[in-house]
Amino acid sequence: MKKYSGFSLFKNALSYHENWQKLWRSPKPKDYYDVIVVGGGGHGLATAYYLAKVHGITKVAVIEKGYLGGGNTARNTTIIRSNYLWDEAAQLYELSLKLWEGLSQELNYNVMFSQRGVLNLGHNLQDMRDIERRVNANRLNGIDGEVVTPERVKEIAPLINISKDCRYPILGASWQPRGGTARHDAVAWGYARGADALGVDLIQETEVIGIRRKNGSVVGVETTQGFIGSRKVACVTAGNSGVVAAMAGLRLPVESRPLQALVSEPVKPCLDTVVMSNAVHGYISQSDKGDLVIGAGVDGYNGYGQRGSFHVIEHTLQAICELFPAFSRVRMNRQWGGVVDTCPDACPIISKTSVDGLYFNCGWGTGGFKATPGSGYVFADTVANDHPHPLAAAFNVDRFNTGALIDEHGAAGVAH
Amino acid sequence: MLLIHCPHCREDREEEEYSYSGEAHIVRPLEPEALSDQEWGDYLFFRKNPKGIHHEMWYHAVGCRRYFYATRNTLSYEIIETYKVGEQPQVSAQGAAQ
């Protein structure tokens, strides 16, 4: 792999940028791999990258039914933060945030990580109590955060309406300056390029249709390109996790729901931070090309259609218009939905299963993007050692039987 | 926007009138205290979550305020049938009932 640099940019400019190396190979699948990662989204690619990079396991295949990063990785609002309430979740998301901070250098690929800060608004007394509690918990975990007044919110995001006369006035917010956004596609492409350079085979347009087992252990996967053997199969299939689990005769505590987002026409720079509100349910930021990126909620019912109900985005846009009256005349450009696997406690599952050699990383629900690097890091460790990484141990699927849930609905359940 | 037929009201109404209550036909254990942690967790949290035919429970929240069941395709969102609690579906993932 040729390294990107100022010099390579200059050199390629001389040949009109027509001779750039391909980002990754398109290999034919081999008969056997040490690890097969099912799902070529951000988390799957990150898992493959860290398997090769940190654990030296390079005989790895990533099997993707569509194209790399074409699912939820390309369908989210790219918000990154780590201000979660409970220790287990906070430490996992903080590991991610720390990895984000060095990711462009690590991958030699610009993921456009922008630490523009994240505001989580409070609109009533209970919101503010929860915010105080969460910020204090964050600070005890070494995560930056402060409780800010409406006036300070107005300084950070001048277009916001802090009038006391509206239906849900802003009473304050939590502010995490190290939070922000990144370019979602670049994250998938950067990890894919990095993994490919370390010898990982990225196999696209190949769907896993079965998981072959022998005496309670995995021996490989059936795909649309035939059987591929492996003693370790790591499933990172987001909304389709329930379907993949059923191939191995397992059930998961997840329900798949459509989650919607939408972007406006591009406008001049007007919002240089991320604003989220659980209470009125909307979250918004402005992308580098100028469109307002708006996230809505999940639909009320299970669904695998990559679309959502109109009244859900209508509800979100009502909230956005109340928070930012100036945006009421901005026209929306595109709307889309992704299928997310929601867990009862709004925390992920990073786990071994009752089938030897079968691992699941799923249940990220509405907020997996921010965790991409950390998720891949701890999952790769779990798969490589056949033992949960210390930060992943609490996210074992067993918690739904032992009762040790990590209830993040306050910090995570609604807006991500 | 789904149009859902309430078998109690016998009318097609918009989805905003309803709320969703998840997988149907999950029977509450008669003796919860007799269950192991494994069985209790499975009852509370683990779901089929299929891509395709799904039997599920709905609540007509701003209508008759009664529960009913629906057979719905979770990929196409087609609602194949709705039926009252206590009744059995006519259509299942294996095909139409006899």
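Throughout, read-outs are computed from the coordinates displayed, never taken from laboratory work. Every value quoted in this text rests on a predicted model; they were computed, and no experiment measured them. Positions of Cβ are generated from backbone atoms using ideal geometry, with glycine treated the same way; all protein chains shown enter the neighbour counts.
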Distance between modelled label sites at B:Leu3 and A:Glu207, nm, 7 Å Cα→Cβ extension: 3.1 nm
Dmax and Rg, reported as Rg then Dmax, of region A:283-337 (C-alpha, Å): 12.0, 35
Residue-wise HN-Hα coupling along region A:50-61, computed from phi with Karplus coefficients 6.51, -1.76, 1.60 (Hz; x: Gly, Pro): 6, 4, 6, 6, 8, 10, x, 8, 9, 7, 10, 10
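Name the trypsin sites (Lys or Arg not before Pro) in region B:44-97 that are in a loop by DSSP and that have at most 10 other C-beta atoms within 10 Å, would you? Intermediate results must be reported in sequence, preceding the final value.
Working: sites: B:Arg47, B:Lys48, B:Lys51, B:Arg65, B:Arg66, B:Arg72, B:Lys84; in loops: B:Lys48, B:Lys51, B:Arg65, B:Arg66.
Listed in order of number, the matching sites are B:Arg65.
Given R₀ = 51 Å, what would the calculated FRET efficiency be for A:Asn124 paired with A:Ala246, taking r from the Cβ atoms and rounding to 0.05? Don't skip to the answer; put the middle values down first.
On the way: r = 42 Å, r/R0 = 0.82.
Between A:Asn124 and A:Ala246 the formula returns 0.75.
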Pairs of alpha carbons in the protein assembly as shown whose separation is greater than 33 Å (percent): 42 percent
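Out of region A:117-191, which trypsin sites (Lys or Arg not before Pro) are coil in DSSP terms and have no more than 10 other C-beta atoms within 10 Å?
On the way: sites: A:Arg129, A:Arg133, A:Arg134, A:Arg139, A:Arg152, A:Lys154, A:Lys164, A:Arg167, A:Arg178, A:Arg183; in loops: A:Lys164, A:Arg167, A:Arg178, A:Arg183.
Passing sites in region A:117-191 are A:Lys164, A:Arg167.
What are the trypsin sites (Lys or Arg not before Pro) within region A:2-54 that DSSP puts in a loop, where the Cβ has at most 13 other Cβ atoms within 10 Å?
Working: sites: A:Lys2, A:Lys3, A:Lys11, A:Lys22, A:Arg25, A:Lys30, A:Lys53; in loops: A:Lys2, A:Lys3, A:Lys22, A:Arg25, A:Lys30.
Sparse-neighbourhood loop trypsin sites (Lys or Arg not before Pro): A:Lys2, A:Lys3, A:Lys22, A:Arg25, A:Lys30.
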Angle between chain A longest axis and helix A:125-140 axis [Cα atoms, degrees, rounded to 10]: 50 degrees
Calculated [θ] (222 nm, deg cm²/dmol) that DSSP helices of n ≥ 4 give over the protein assembly as shown, each run adding -39,500 (n - 2.57): -7500 deg cm²/dmol
Approximate spin-label separation B:Glu87-A:His311, in nm, with each point projected 7 Å along Cα-to-Cβ: 2.3 nm
Per-selection metrics, region B:3-96 (Cα): Rg and Dmax in Å: 14.5, 43
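Over the Cα atoms of region A:245-310, compute the convex hull volume and normalise it per residue, giving Å³. Each step should come with its number before you reach the end.
Values: hull volume 9.4 nm³, N = 66.
Cα convex hull per residue, to the nearest whole number: 143 Å³.
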Over chain B, relative contact order from alpha-carbon pairs under 8 Å, at least 6 apart, %: 25 percent
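Only four residue types carry charge here, +1 at the Cβ of Lys and Arg and -1 at the Cβ of Asp and Glu. Report the dipole size of region B:3-96 about the Cα centre in Debye, rounded to the nearest 20. Could you put the intermediate results ahead of the total?
Working: 10 positive and 16 negative charges, 39 e Å.
Here the size comes out at about 180 debye.
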Rg and Dmax of region A:257-416, Cα atoms only, in Å: 18.0, 56
Sites A:Val54 and A:Asp87, calculated FRET efficiency, Cβ-Cβ separation with R0 22 Å, nearest 0.05: 0.40
Inter-site label distance for A:Arg329 and A:Asp34 at 7 Å from Cα along Cβ, in nm: 6.1 nm
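Take every Cα pair under 8 Å in region A:183-301 that's 6+ residues apart, average their separations, divide by the length, and report that relative contact order as a whole percent. Please report the intermediate quantities before stating the final value.
Details: 153 pairs, mean separation 18.0, N = 119.
RCO, region A:183-301: 15 percent.
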Cysteines, chain B, no other Cys beta-carbon under 4.7 Å: B:Cys64
Whole-number D in µm²/s for region A:1-121 (Stokes-Einstein; Kirkwood sum over Cα pairs; 4 °C, 1.567 mPa s): 75 µm²/s
Qualifying aspartates and glutamates (Cα of each under 16 Å from Cα of A:Lys214; at least 8 residues distant if same chain): A:Glu222, A:Asp356
Lys, Arg +1 and Asp, Glu -1 on Cβ, resulting dipole of the protein assembly as shown about Cα centre, debye, nearest 20: 1360 debye
Entries of A:Lys65/A:Lys232; A:Lys3/A:Lys98; A:Lys2/A:Lys232; A:Lys65/B:Lys84 with Cα pairs more than 28 Å apart: A:Lys2/A:Lys232; A:Lys65/B:Lys84
Residues A:Trp86, A:Trp20, sorted so that the one with the fewest Cβ neighbours within 10 Å comes first: A:Trp20, A:Trp86
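Report the calculated FRET efficiency for B:Glu39 and A:Asn385 (r = Cβ-Cβ distance, R0 = 30 Å), to the nearest 0.05. Provide the component values of the computation, followed by the final result.
On the way: r = 31 Å, r/R0 = 1.02.
About 0.45, to the nearest 0.05.
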Between region A:173-250 and region A:11-84, the alpha-carbon center distance in angstrom: 10 Å
